[in-house]
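Here's the structure, in structure tokens; my notes come after.
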Amino acid sequence: MAMERHIDKFARYLEIEKNASRHTINSYRIDLKEFSAFLKSADLESVDYLTIRRFLAHLKERNLTARSTARKLSSLRSFFRFLIKDGYLKTNPTDAVSSPKQEKSLPKFLTEVDVNALIEAPDTSRLLGLRDHAMLETLYSTGIRISELTGLRQEDIDFIGGMIKVFGKGKKERLLPIGDRALKAIRNYLKKRGSDIRAVFLNKNKKPIGPRGFRKALDKYVVKASLKEHISPHVLRHSFATHLLNRGADLRSVQELLGHVNLSTTQIYTHLTTEKLKSVYEKAHPRA
């Protein structure tokens, strides 16, 4: 089918020219195949503003969130821009369509007490417990994404200088500081692990652990630490940023640590420090 060929060509463009990650490319594929299924046998040349509007109405009928709908529309925008650049189309039918208004949701984060309880939950007398303890320490110490954590290699860690090298979105490389506790936890794990595989964190089959494998282990520790809500690895990243800002770190530095391209992405964490500001105000203002 013509649509599938264009999607494949677009995927190669994202990989080669845009240096997009596999996860990003797969997300685009899923969104575009959904749009292709909606079109059925209709040609791309016949897609217009009304077609896009009908597709958005179709998504709304499925009770998709505004955030998910906006992401799918963004995928279509990029796809049609590519088709114009490739000379296949002359106009972009998504240009006249505005993105659905989204509610701003604040990131979920843990208190410092809860973070400590979670990090101490693994049984470090066992190899997998040592691994999970080291992974939790590293996530909270550096604020890296779970994909960056599972992709960590031994040569990416500078144990003397206290730095790690990670490859983030768009395969962009950045250097980050890492705390002594995390380094000690990694050292203890690697010493007991004893394998010459360059990946730092391995599963029980001695292969690099994936994000899904770690999420499964994390669910167990959330229960063990008696945390009430579901916790994803990303919550530790949110906690990292929130706790830094609460303790006086400036927004630009946190932006660099998180690997955010735009400061506006990082600014959402400033809303989370409101309780601290309120506490300071009540203690310091004579008429609070």
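At q = 0.12, 0.13, 0.16, 0.27 Å⁻¹, what is the log10 ratio I(q)/I(0) for segment 64-136, with the Debye formula run over Cα points and no solvent?
Values returned for q = 0.12, 0.13, 0.16, 0.27 Å⁻¹ are -0.63, -0.65, -0.70, -1.12.
Along the positive direction of the dipole of the chain (beta-carbon charges: Lys, Arg +1; Asp, Glu -1; about the Cα centre), which of P286, L244, I16 reaches farthest?
Highest projection toward the positive end goes to I16.
How much FRET efficiency would the formula 1/(1 + (r/R0)^6) give for I84 and L39, where r is the Cβ-Cβ distance and R0 is 22 Å, rounded to 0.05?
0.75
Assuming 0.36 nm per residue, please report the length gained on full extension of the stretch K184 to E155 beyond their Cα-Cα distance.
8.8 nm
Using only alpha carbon positions, build the gyration tensor of segment 1-111, then give the equivalent ellipsoid semi-axes as the square roots of 5 times its eigenvalues, largest first, whole angstrom. Can you show the working numbers first?
Details: eigenvalues 120, 72, 32 Å².
Each semi-axis is the square root of five times an eigenvalue, giving 25, 19, 13 Å.
So, in nm, how far is label K108 from label N262 when the simple model puts each one 7 Å beyond its Cα toward the Cβ?
Reported label-point gap for K108 and N262 is 2.5 nm.
Out of every Cα pair in segment 86-214, what percent are spaced more than 18 Å from each other?
Roughly 61 percent, once rounded to a whole number.
Stretch N203-V223 to full length: gain in nm at 0.36 nm per residue minus the Cα-Cα span?
5.1 nm
Hey, which of these cross-link pairs are over 30 Å Cα-Cα: K33/K207; K171/K228; K184/K207?
With Cα atoms farther than 30 Å apart: K33/K207; K171/K228.
Using just the Cα positions, wrap the chain in a convex hull and report its mean projected area in square nanometres, one decimal place.
That works out to 19.9 nm².
Can you sort H6, H133, H260 from fewest to most other Cβ atoms within 10 Å of each residue's own Cβ?
Least to most surrounded, the residues fall as H260, H6, H133.
Say R0 is 22 Å: what FRET efficiency, to the nearest 0.05, do K101 and T270 get from their beta-carbon distance?
0.50
Using the beta-carbon distance between S125 and S232 and R0 = 30 Å, what value does 1/(1 + (r/R0)^6) give for FRET efficiency, to the nearest 0.05?
So, using R0 = 30 Å, E works out to roughly 0.65.
Ratio of alpha-carbon Rg to the 2.2 N^0.38 Å globular estimate for segment 142-274, to two decimals, please.
Rounded to two decimals, the normalised Rg is 1.11.
List the aspartates and glutamates whose alpha-carbon lies under 16 Å from that of K90, not counting same-chain residues fewer than 8 positions away?
D43, E45, D48
Could you check the simple spin-label distance between R62 and L50, using points 7 Å along Cα→Cβ, in nm with one decimal?
2.3
For I16 and T91 in the same chain, what is the full-extension length gain: residue separation times 0.36 nm, less their Cα-Cα distance, in nm?
Working: separation 75, 0.36 × 75 = 27.00 nm, distance 2.43 nm.
In short, 24.6 nm is gained.
Could you work out how far the C-alpha centroid of segment 170-189 sits from that of segment 9-71, in angstrom?
37
All other residues with a Cβ under 13 Å from the Cβ of P93 taken together, and with Lys, Arg as +1 and Asp, Glu as -1, what is their net charge?
Combined, the nearby Lys, Arg, Asp and Glu give +1.
Projecting each Cα onto the charge dipole of segment 112-279 (Lys/Arg +1, Asp/Glu -1 at the beta carbon, about the Cα centre), which of V200, Y221, G259 comes out farthest on the positive side?
Result: V200, furthest along the dipole toward the positive end.
Under 18 Å Cα to Cα from K220, which aspartates and glutamates show up? Leave out anything in the same chain fewer than 8 places away.
Within the straight-line limit of under 18 Å, K220 reaches these aspartates and glutamates: D114, E120, D123, D132, E137, E229.
In sequence order, what are the phi-derived ³J(HN,Hα) couplings for segment 28-40 according to the Karplus relation 6.51 cos²θ - 1.76 cosθ + 1.60 with θ = phi - 60°, rounded to whole Hz, with x for glycine and proline?
4, 4, 4, 5, 6, 5, 5, 5, 4, 5, 5, 5, 6
What lysines sit close enough to K101 to cross-link, taking a C-alpha to C-alpha distance under 21 Å and skipping anything fewer than 8 places away on the same chain?
Within the straight-line limit of under 21 Å, K101 reaches these lysines: K60, K72.
Where a number appears in this text, it was derived from the coordinates with a stated rule and is not lab data. Note that the coordinates shown come from a computational prediction; the quantities given were computed from them, not determined experimentally. All Cβ positions, glycine included, derive from the backbone under ideal geometry; neighbour counts span all protein chains shown.
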